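These notes are about the structure you will find just below.
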Amino acid sequence: MNPFGQLSFHQPFIYNEVVDLSSDKTTQTAGESIVKVLTPIIDNIISAVLENKFDYSNFLITKQQASGLTNRIGLYLLINSKTKRIYLGGASDLAQRKGDHHRCLNDPDRAARKLATSMRDDLKVSQSTDFFFVPLLIINNISGVSITDKKTPSGNYSSFNQAVSNFLDTYVEGPLLTNYLASTPNIFYNVKTVGVFGTGNRFGGSPNSGSPSKPVSYGDYAWESVSAAAKSFDVDTKLIRTKIKNNKMFYLEQSEYDSFRKIKISNLEAKTYFDDKLEEYYKLLAVLFPNIANKKKK
């Protein structure tokens with residue numbers, strides 16, 4: 001018997017185990033644990049949706065409905081009740097992501113720029129009110145990324161959020177979608193597993209996501225992404241892209257990064273890589289960002 005019955009009382013699974021992002025091993029272990037927990041939950045929801053047994057009344061996407069999801073990290077499903085298509089996503093702020101989807105579904109201009117083709121097609125035969133935001137998982141305890149690193153000098157929370165997003169994308173959403181896109185490809189709006197974006201896969205991350213961030217290099221150093229390089233130097237990603245545009249730093253193909261023989265700095269370690277290498281850090285900073293280096297010396 002389906003343990004959720006009609007799924008009228010579905011609630012997100014509260015994951016209280018510590019998600020330790022301090023190393024690849026602990027990150028992978030946490031991801032595998034979450035995937036194991038979520039798989040039967042998603043299976044039950046898919047069955048209920050296809051059999052018209054899912055109660056959507058608690059999952060309206062309208063902004064007016066209180067969600068209790070503000071600043072909550074986790075995964076969710078965006079379900080079209082009419083076409084029975086589903087999008088699997090993750091977010092470092094579920095309430096904010098819910099609002100992003102609401103705006104995209106109700107603004108034709110945003111939809112044309114930001115929604116996947118398959119979802120735009122469904123909007124031709126259904127309405128935005130046919131979509132429902134169903135939280136799957138809430139993660140209560142993230143370690144290995146300092147909460148004090150959340151706020152950058154520009155006022156953004158990209159460092160912490162990027163680490164969380166990388167974890168969800170690579171270790172949770174990716175494995176789940178690899179399974180579901182192989183077994184039930186016609187159900188999901190996601191056209192590829194998350195991670196590297198591709199044409200028609202704008203839902204690899206947030207509805208505001210664009211092209212993938214390629215690895216970058218400077219001299220003996222290579223960073224997994226533009227954001228990783230920015231985190232290493234505590235600068236805005238725009239500054240990194242400016243250096244690339246001016247041929248001071250260089251984009252790498254993924255294969256070039258994978259085979260890079262010198263110093264590789266991953267997304268997870270980028271923020272703290274130079275903590276015990278201050279002389280090395282200031283030498284690089286003086287070459288790449290002399291104005292910032294001069295300010296730090298004062």
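Note on ARG113/ASN186: beta-carbon distance plugged into 1/(1 + (r/R0)^6) with R0 of 22 Å gives a FRET efficiency of 0.30. Across the options SER81, ASN106, ALA91, the greatest Cα extent toward the positive end of the charge dipole of segment 60-116 (unit charges at beta carbon of Lys, Arg, Asp, Glu) belongs to SER81. Here the simple spin-label model places points 7 Å from the Cα toward Cβ, and for LYS238 and LYS283 these points are separated by 3.2 nm. Here the spin labels are modelled as points 7 Å beyond Cα on the Cα-Cβ line, and at ILE14 and LYS262 they lie 5.0 nm apart.
Need the list of lysines near LYS296 for cross-linking: C-alpha distance under 23 angstrom, and skip anything on the same chain fewer than eight residues off. Hits, sequence-local ones excluded: LYS150, LYS151, LYS231, LYS238, LYS243, LYS248, LYS271, LYS277, LYS283.
Coordinate-derived values only; no laboratory data. These numbers come from a predicted model, not from an experiment. Using ideal geometry, Cβ is built from the backbone for each residue, glycine included, and neighbour counts are taken over all protein chains shown.
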